[in-house]
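The values are calculated or read from the model by the stated rules, or taken from the named source; none is laboratory data. Worth saying up front: this structure is predicted, and the values here are computed from it rather than measured. Cβ sites come from the backbone with ideal geometry, for glycine too, and all protein chains shown count toward neighbours. To get the accessible areas, we keep the full protein, side chains included, count just its heavy atoms, and leave off ligands, DNA and RNA. Shrake-Rupley method; radii C 1.70, N 1.55, O 1.52, S 1.80 Å.
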Amino acid sequence: MLAWYDEERRDLPWRVAPGKRADPYRVWLSEIMLQQTTVKAVIPFYARFLARWPTIKALAAAPLDDVLAAWAGLGYYSRARNLHKCAIAVVEDFGGKFPSTIAELQKLPGIGPYTANAIAAIAFGESATPVDGNVERVVARLFAVRQSLPAAKTELKRLAATLTPERRAGDFAQAMMDLGAGICTPRRPSCLVCPVQQDCAAAAHGIAEQLPMRLERAERPQRVGFAFVALREDGCVLVRKRAEAGLLGGMLEVPSTAWGDLLPPAKEALRSAPLRADWWAVPGTVVHVFTHFRLELIVYRALVPADATLTFWAEPERCQWVARRDLHAAALPSVMRKVIGHALKEN
DNA sequence: AATGCGTGGCT
DNA sequence: TAGCCAAGCAT
């Protein structure tokens, strides 16, 4: 594996030469971003974060809202909140230096078993075993584990640990990631070019593609609602800050009705608009798929005067007007960018 | 232990 | 196309 890694490893922005230890700050930042997120999606965000906040002290000193705005579009926003919280904790409790043990790392916000092991191995050279989805898949195939996920997680973790070398555990972990990402893929694995095909029980039995087995997941429910895009005459759009926790926590939103199972009558929905105006239903709908539900929004739009006043149920203290040219830098999640784009397309 | 939590790219 | 799913964590 290590010889293969030395030759074939992917060159990624947060990686250093084989055998070297990487900067813990960069390892941590990349690992948080990579949680449930593809390398391709992470790369531009990683570059922007590192350019803007080159050190953990700089990140800890930043306002949370700036971090959330920079995270907008990457998803799973509790990661951004915990990233900021973790930076502050490392600066205040550890003088800006990450602890090097798995136990200490895992006490920090946003760092769980996987990330603690990854940082320990990659940044500190500990013989640790980060087990992510890639490693689970590779190990399930190497040992032909037929038990299905998530029940098999404990066993897969145990088996993975038996493979970790004493030296270069960080490179070994990253080799497993590369193997899982490029060769031992979920569908149509490239067993013919796999460096460990000779050691793979699943390949020997011709069942690599069937593993790991997974319990089928529950059907995704659908939720619906109305969203209200108010465009002020000076070109500003009305947005509102969401609650600090939960879905899209701390991010900005377009004011909307509650997202429910049933669509309220339009007349009733319009009574919950954030301000009195001549609301116009934008043709079509906005569909957005979250992890655990599918959302369909009907979008209303209104052009309002510069002195328009908000209704009290719009919670004016949480609202703000943002110039259209500044929207790109705002803490707007993708679903809200879709809504605004839908409302403003074709003038 | 099961559920809540985003997004975009792939097939 | 409509799922499937990616370098998980918190509760």
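Here the range A:222-344 is assigned +1 on the Cβ of each Lys and Arg and -1 on the Cβ of each Asp and Glu. Its dipole about the Cα centre then comes out at about 220 debye. A simple rule links phi to the HN-Hα coupling: the Karplus curve 6.51 cos²θ - 1.76 cosθ + 1.60 with θ = phi - 60°, which for the range A:126-140 gives 6, 7, 10, 10, x, 10, 10, x, 4, 5, 4, 5, 4, 5, 4 Hz, with x for Gly and Pro. Calculated [222 nm] ellipticity per residue, helices only, for chain A: -11500 deg cm²/dmol; basis is -39500 (n - 2.57) per DSSP H run with n ≥ 4, divided by all residues, nearest 500.
Here the range A:92-249 is treated with +1 on each Lys and Arg Cβ and -1 on each Asp and Glu Cβ, and its dipole about the Cα centre works out to around 500 debye. For chain A, find the longest principal axis of its Cα atoms and tell me its angle to the long axis of helix A:78-94, 0 to 90°, nearest 10. The helix A:78-94 is inclined about 60 degrees to chain A. The GluC sites (Glu not before Pro) found in the range A:279-347 that occupy coil by DSSP, while having at most 12 further C-beta atoms within 10 Å, are A:Glu346.
The stretch between A:Gln198 and A:Gln36, if pulled fully straight at 0.36 nm per residue, gains 55.3 nm over its current Cα-Cα span. Could you compute the net charge surrounding A:Ala273? Neighbours are other residues with a C-beta less than 12 Å from the C-beta of A:Ala273; K and R count +1, D and E count -1. In short, +2. Across the range A:325-342, coupling constants 3J(HN,Hα) worked out from phi with the 6.51/-1.76/1.60 Karplus curve, θ = phi - 60°, read 6, 9, 4, 4, 9, 7, 7, 9, x, 4, 4, 6, 5, 4, 4, 5, x, 5 Hz, and Gly and Pro carry x. Axis angle, to the nearest 10 degrees, between helix A:113-124 and the longest C-alpha principal axis of chain A: 60 degrees.
Here chain A is treated with +1 on each Lys and Arg Cβ and -1 on each Asp and Glu Cβ, and its dipole about the Cα centre works out to around 240 debye. Averaged per residue, what accessible area in Å² does the range A:1-109 show with a 1.4 Å probe, protein chains only? Per residue, the range A:1-109 has an accessible area of 50 Å². Among A:Lys20/A:Lys85; A:Lys85/A:Lys241; A:Lys241/A:Lys338; A:Lys57/A:Lys97, which pairs are too far apart, with a Cα-Cα distance over 21 Å? Over 21 Å Cα-Cα: A:Lys20/A:Lys85. Lys and Arg at +1, Asp and Glu at -1: add these up for the other residues within a Cβ distance under 12 Å of A:Leu344 and post the number. Taking every other residue near A:Leu344 into account, the sum is +4.
Separation of the range A:265-340 from the range A:73-112 is 34 Å, based on Cα centroids. Extending 7 Å from the Cα toward the beta-carbon at both A:Leu303 and A:Ala181 defines two label points whose distance is 4.8 nm. Share of the range A:222-344's accessible area from carbon and sulfur, percent, 1.4 Å? Roughly 56 percent, rounded to a whole number. The angle separating the long axis of helix A:39-52 from the principal Cα axis of greatest extent in chain A is about 70 degrees.
Normalising the average separation of contacting C-alpha pairs (under 8 angstrom, six or more residues apart) by the number of residues puts the relative contact order of chain A at 16 percent.
Between A:Thr285 and A:Glu104, the simple spin-label model (points 7 angstrom out along Cα→Cβ) gives 5.3 nm.
Going toward the positive end of the dipole of chain A, with +1 on Lys and Arg Cβ and -1 on Asp and Glu Cβ, which of A:Met251, A:Met176, A:Gly284 do you reach last? Of the listed residues, the answer is A:Gly284.
So what is the diffusion coefficient of chain A in µm² per second by Stokes-Einstein at 37 °C and 0.692 mPa s, using a Kirkwood Rh over Cα pairs?
After rounding, the answer is 144 µm²/s.
Taken per residue, the accessible surface of the range A:222-344 reaches 49 Å², heavy atoms only and a 1.4 Å probe.
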